[in-house]
Amino acid sequence: MTDIQLYNTRTRQKQRLEPLDPANVRMYVCGPTVYDRAHLGNARPVVVFDVLYRLLRHVYGADHVTYVRNFTDVDDKINAAALARKQAGDPRPLEELIRERTEETIGWYHADMDALGALRPGQEPRATEFIGAMIAMIEDLIAKGHAYAAEGHVLFRVRSYKDYGALSGRSVDDMIAGARVEVAPFKEDPMDFVLWKPSDDDLPGWDSPWGRGRPGWHIECSAMSFELLGPSFDIHGGGIDLQFPHHENEIAQSCCAHPEGGFATIWLHNEMLQVEGKKMSKSLGNFFTVRDLLEQGVPGEVIRFVFLSTHYRKPMDWTAEKAREAEATLRKWRGLVAGIEPAPSPAPEVTEALCDDLNTAGAIAALHRLAGAGDLAGLKASAGLLGLLGEDLGAWADAPVADLGGWAERLAAARAAAMDSKDFAEVDRLKALLIGAGVEVRMSKAGVELVPGAGFDPARLEALE
RNA sequence: GGCGAGUUGGCGGAGUGGUUACGCAGCGGAUUGCAAAUCCGUGUACAGGAGUUCGAUUCUCCUACUCGCCUCCA
């Protein structure tokens, strides 16, 4: 069995993945809050963990990997969006507006992530479908002394879990010293966090032992991972920004509710995405969604390639220049592997790179070597492990349909004449026209070859006829 | 203030205690009427300082700088 080494944030070192059950390798990744289009930063973990998912399926078998990624559809931003519609005059009940908003957003999310070539996880639970499980877990935590109800809220008693802070390397005392915690009179300790909070009539809510309310953010992942993967599973992933507090709180909840389990064995966190060297933010005006990029004509496969060209644990800078280079590389490779039957398995060099803590940049370098060595079957198969060069993402690279035969004949005839007359004016004229229309002109002793290039525009040629 | 990550050739970006990836750009050559495409060749860079070592870009410490999280934002 191939060894997969992964950097475990919890232990701060690489370790060998040793699945609790190799027949069912289990991975949970924190998914999006579905209130709006996914921005580019949201897409990085999706692509990163998609590659891991593909690698796990390759190593353990496609039927032996369970991948769960949740949809957070209980959230104040969603409520705000729905409330805004209601105040704009929509007569429907709030619950319906919320459901409509989340449905719509999930549809967008699927479309956008599909465009990046990300396989859909086997299970995509929604928080709203697991409210009962959350309430049960909260009750259990109260019974075990790890949580307490106060003024319609239920809070997790951070001091009751001695390892709190272990994942992110903080101590409760340090954090309180930092004094950036919300103080509330009903909290026993400023660090205690909300498991359940009351909802007024303008907010979605569910009946609970503590009155009508809604869950806090963190409990959903604890409840859903337990329901779908059990008290112990192999991998938990997400963006590094989730390390604290979200994942810290998940660990506290899950380990206290299910001390019989170990929760996640390996914690993986991808670093953040930047744009042209700066954090993507609305105020800087460099904020954009995946859909924005796709609509600008940046193919999903190009986005994917750019993401994978930087190791997931390093900040990734999105630049237009990288997109340009990625597109050129992919176009070239697609030309090479067109019509080639992929090898039965990926090249060892590529698999080994990925097995070394998802060294996707190293894997891409290996792809370059395969291309250079002319191992096109190997290139195609290996790229497939990275989710590249597949049929599903290739439409962008297909040249527009156009018959260039007439142009080729004219050019060839002019060239033949020029060879005798030594007057190449007509040849150069035709060549300039073709190049201007985005056609790559290749002339050799063997003859004239016209290849539609990246910016090929058949309309411009027709206008010249 | 607390915690953490990072600083590699013109650019991007891997990696390694000693044989110096890979891509793009550049340069030289082959080829071409000229080009394009292609092919061949070409570049000893690892923030600064100290230490460990026979030897450090790679390990340790210090300094500088950059960035992230700690706050709804992946």
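The values are calculated or read from the model by the stated rules, or taken from the named source; none is laboratory data. All values derive from a computational prediction rather than experimental measurement. No Cβ is skipped: glycine too gets one built from the backbone with ideal geometry, and neighbour counts run over all protein chains shown. To get the accessible areas, we keep the full protein, side chains included, count just its heavy atoms, and leave off ligands, DNA and RNA. Shrake-Rupley method; radii C 1.70, N 1.55, O 1.52, S 1.80 Å.
Sorted from largest down, give the three principal axis spans of the alpha carbons of chain A, whole angstrom values.
97, 59, 40
Pulled fully out, how much extra length does the chain show between residue A:463 and residue A:420, if you take 0.36 nm times their separation in residues and subtract their Cα-Cα distance?
The residue A:463-residue A:420 span can extend by a further 12.5 nm.
Per-residue HN-Hα couplings for region A:191-208, Karplus 6.51 cos²θ - 1.76 cosθ + 1.60 at θ = phi - 60°, whole Hz, x for Gly and Pro?
7, 4, 10, 7, 9, 8, 9, x, 10, 8, 5, 8, 10, x, x, 10, 5, 8
For the pair residue A:445/residue A:282, report the inter-label distance in nm, with labels modelled 7 Å from Cα in the Cβ direction.
6.5
Give a residue-ordered list of calculated ³J(HN,Hα) values for region A:414-424 (Karplus: 6.51 cos²θ - 1.76 cosθ + 1.60, θ = phi - 60°; whole Hz; x for Gly, Pro).
4, 5, 4, 5, 5, 4, 7, 7, 6, 9, 9
When all C-alpha to C-alpha distances in region A:297-397 are sorted into bins of 10 Å, what percent of pairs does each bin hold, rounded to whole numbers?
16, 51, 30, 3
Percent of accessible area on region A:297-397 owned by carbon and sulfur, 1.4 Å probe?
With neighbouring chains kept in place, the figure for region A:297-397 is 55 percent.
Expressed as a whole percentage, what fraction of the accessible surface of region A:174-289 belongs to carbon and sulfur atoms when a 1.4 Å probe is rolled over the protein heavy atoms?
For region A:174-289, the apolar C and S fraction of the accessible surface comes to 52 percent.
Just reorder A:64, A:39, A:236 by solvent-accessible area, largest first, 1.4 Å probe, all chains present.
The most accessible residue leads, giving A:64, A:39, A:236.
With every protein chain present, what is the per residue accessible area of chain A (1.4 Å probe, Å²)?
Roughly 45 Å² per residue, with all protein chains present.
Quick one: which of A:83-93, A:375-385 comes out on top by average Cβ neighbours within 10 Å, and what's the full order, highest first?
A:375-385, A:83-93
Could you list which residues have their amide H under 5 Å from that of residue A:147, counting only those 5 or more apart in sequence or on another chain, with H placed in the peptide plane?
For residue A:147, whose amide H was placed from the backbone, the distant partners under 5 Å are A:142, A:157.
Between residue A:166 and residue A:21, what FRET efficiency comes out of the Förster formula 1/(1 + (r/R0)^6) with R0 = 41 Å and r the beta carbon distance, rounded to 0.05?
So the FRET efficiency works out to roughly 0.95.
Antiparallel versus total DSSP beta bridges in chain A: what percent is that, nearest 5?
Rounded to the nearest five, the antiparallel share is 50 percent.
Which whole-Hz ³J(HN,Hα) couplings does region A:28-45 yield from phi under the Karplus relation 6.51 cos²θ - 1.76 cosθ + 1.60, θ = phi - 60°, glycine and proline marked x?
Coupling constants for region A:28-45: 10, 10, 5, x, x, 8, 8, 10, 6, 3, 6, 8, 4, x, 5, 7, 4, x Hz.
Percent of accessible area on region A:69-143 owned by carbon and sulfur, 1.4 Å probe?
Answer for region A:69-143 is 54 percent, counting heavy atoms of protein chains only.
Alpha carbons only, please: Rg and Dmax for region A:1-151, in angstrom.
Both quantities, over Cα of region A:1-151: 19.0, 60 Å.
Could you work out how far apart the two model spin labels at residue A:144 and residue A:96 are, taking each label as a point 7 Å from the Cα in the direction of the beta carbon, and quote it in nm?
4.2
By average Cβ neighbour count within 10 Å, what is the ranking of A:153-164, A:269-280, A:247-258, A:445-456 from highest down?
Peptide ranking by packing, descending: A:247-258, A:153-164, A:269-280, A:445-456.
Search the structure for amide H atoms under 5 Å from the amide H of residue A:237, placed 1.01 Å from N in the peptide plane, and list their residues when 5 or more places away or on another chain.
A:28, A:29, A:30, A:268
Would you mind pulling out the separation of the Cα centroids of region A:139-173 and region A:37-88, in Å?
Each part reduced to its Cα centre gives a spacing of 27 Å.
Which order do the peptides A:137-149, A:355-367, A:407-419 come out in when sorted by mean C-beta neighbours inside 10 angstrom, highest first?
Order by mean packing, descending: A:355-367, A:137-149, A:407-419.
Treating each Cα of region A:5-273 as an identical point scatterer and ignoring solvent, apply the Debye formula and state log10 I(q)/I(0) at q = 0.15, 0.16, 0.17 Å⁻¹.
Here the Debye-derived log intensity ratios amount to -1.19, -1.33, -1.46.
Treating cross-link reach as a plain straight distance, find the lysines whose alpha-carbon is under 25 Å from the alpha-carbon of residue A:322, omitting any fewer than eight places away in the same chain.
A:278, A:279, A:282, A:314, A:332, A:380
Looking at region A:5-273, how many pairs of lysines come closer than 27 Å at the Cα, when each pair is eight or more places apart or spans two chains?
So the count works out to 11.
Pulled fully out, how much extra length does the chain show between residue A:349 and residue A:373, if you take 0.36 nm times their separation in residues and subtract their Cα-Cα distance?
That pair, residue A:349 and residue A:373, stretches by 7.3 nm at full extension.
Separation of region A:225-268 and region A:330-355 by C-alpha centroid, Å?
Answer, in whole Å: 35.
What is the spin-label model distance, in nm, from residue A:151 to residue A:313 if the labels are put 7 Å beyond Cα along the C-beta direction?
A separation of 4.3 nm, rounded to one decimal place.
Please list the non-local residues whose amide H lies under 5 Å from the amide H of residue A:264, H modeled 1.01 Å from N, same-chain partners needing a gap of 5 or more.
Excluding prolines and chain starts, which carry no amide H, the hits are A:233.
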